[in-house]
Each structure stands twice: as structure tokens, then as C-alpha cells.
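The values are calculated or read from the model by the stated rules, or taken from the named source; none is laboratory data. Since we're looking at a predicted model, the values are computed, not measured. Each accessible area value is taken on the protein alone, full model and side chains, heavy atoms only, with ligands, DNA and RNA left out. Shrake-Rupley method; radii C 1.70, N 1.55, O 1.52, S 1.80 Å.
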Amino acid sequence: MAHIAILVGTPAGTRLLAASTERDAARMVELLLIGLDRTALPAPLWVQCADGALAARLTAYLAGFQAELTAVPAGETQ
């Protein structure tokens, strides 16, 4: 049974992901984000679950993950 629902906006449309654990939810979204073109990041996302602290933690983690994906590696120029 899914306890966490995450909506992710992508160029191809909105994706709804559901998971029963925080780790599974994070991993599913990570894989989706890695598959997106870098120009589509940061993708808007919404985390919904009964535990507000978990939702805030997961939202912050995924925002940081997207920031890492969009960071310009040392030695590269935009």
C-alpha cells in the first residue's frame, strides 16, 4: 500500500509516483529526474503523505538532488 505520492512535472506531462517507504520514493524520483534532459530541471514536484515531517524532508532532499544535477561541473562553462 502506497503511503507517499509524488507528482513530478515533466516536459512530457505530469508523472504520479507512489511508494510505501521514503527510500523507495526517493529512488523512484531520482531515476525519473536522471532520465530528464538537463534543460527540464529543476522539475516541479509535490510530495504528499500523512507525515508532514517526512514530506518536508523528502521535498528538501529532492530539491537538493535536482540542484546537484543542474550544477555546472568544475572546468565546464555554460
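Worth pointing out:
- Per residue solvent-accessible surface (Å²) - segment 4-70, probe of 1.4 Å: 58 Å²
- On Cα atoms only, tilt of 22-35 relative to the major axis of the chain in degrees: 30 degrees
- With the convex hull drawn around the C-alpha atoms of the chain, the volume per residue stands at 85 Å³.
- Per-residue [θ]222 nm for the chain (sum of -39500 (n - 2.57) over DSSP H runs n ≥ 4, rounded to 500): -14000 deg cm²/dmol
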